[in-house]
1. Tally up the residues in the range 54-83 that are polar (S, T, N, Q) and either surrounded by 11 or more Cβ atoms within 10 Å (Cβ to Cβ) or part of a helix (DSSP H, G or I) (or both), please.
2. Do we find that residue 147 is without any contact (Cβ under 8 Å) to a residue 24 or more places away in the chain and farther than 30 Å from residue 59 by Cα in this structure?
3. Quick one: in the range 101-118, which of the residues that are small (Gly, Ala, Ser) and either closer than 17 Å to residue 140 by Cα or within 22 Å of the chain's Cα centre (by Cα) (or both) is surrounded by the fewest Cβ atoms within 10 Å (Cβ to Cβ)?
4. Go through (1) out of contact with any Ser or Thr (no Cβ under 6 Å at 6 or more places or on another chain); (2) closer than 21 Å to residue 31 by Cα; (3) aromatic (Phe, Trp, Tyr) for residue 141 and report which single condition fails.
5. Exactly one condition in (1) more than 30 Å from residue 71 (Cα to Cα); (2) without any contact (Cβ under 8 Å) to a residue 12 or more places away in the chain is not met by residue 141; state its number.
Amino acid sequence: MEQVNVETGEILQSGATSSPEEKVQWTYRKVIEEARKKLLQQGWPILAEPRAKAPDMQIPEDIDRITDLQLANLSLRYRSWYAYATVQLGFANAELTAVDEVTEIVIGEAMINTASMLTEKLVKDMLKAKAVQEDPKAKAWFTKRIELKQKAQILDSLVSALAIRVKGLENEQIRRASAAKIEMGR
C-alpha cells in the first residue's frame, strides 16, 4: 500500500526493502520548482514579494490631497503587488493542475478497490464519494485539491482587486497630467 504526504506531494510505496525500484518517489512540488528554475534560466523574472505592506498602500478618500510623487509611489506599490500576485496565481494554478491529475488517479484506484468489495452496483458519483470517504489516501488528495482550488480562487480575486486599484491610480495620474497640460496651454 502506498503512503502519501499531501503537504510535500511525496508518494512512497511501503515495503520491507528500500531499493530504488521498490521505493517510488514523485513529488509534484519538485516538478513545480524545476519549472520555476527553468523560467529563471530562460531569463523570466520570478518576482519576490514586494516590501510595501498594507499600511503603505492606503488610498485616501480624497485623492487630491496627495502629491503627484505620493501618487506615483502608491501606484508603483500597487503595480508591484499586482505583478507579484499574478505570478503567484500562475504557480498556484500549476500546483492545482498537478494535484488535480494525481487526485484523479488516486480516486480512480480507490473507486476500483471500493467497487470490487461491493455487492451492489453504484452510479459513478456515488462510488466516487464512497471511495473518497473510505480510502485515506484518496481523501487526503481530494482535500488537498479543495484547498488548492480555494487558494487559487482567492488569489484570482486578489489579482482582480489589485487590477482595479492599479487602473484607478493610473486614471488619476492621467487626469492630473492632462490637467497640467491644459494649465500650461493657457
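Read the figures in this text as sums done on the coordinates, not as results from a lab. Not measured: the values here are computed from a predicted model. Positions of Cβ are generated from backbone atoms using ideal geometry, with glycine treated the same way; all protein chains shown enter the neighbour counts.
1. So the count comes out to 4.
2. Against the criterion (without any contact (Cβ under 8 Å) to a residue 24 or more places away in the chain and farther than 30 Å from residue 59 by Cα), residue 147 qualifies.
3. 108
4. (1)
5. Of everything listed in (1) more than 30 Å from residue 71 (Cα to Cα); (2) without any contact (Cβ under 8 Å) to a residue 12 or more places away in the chain, residue 141 misses just condition (2).
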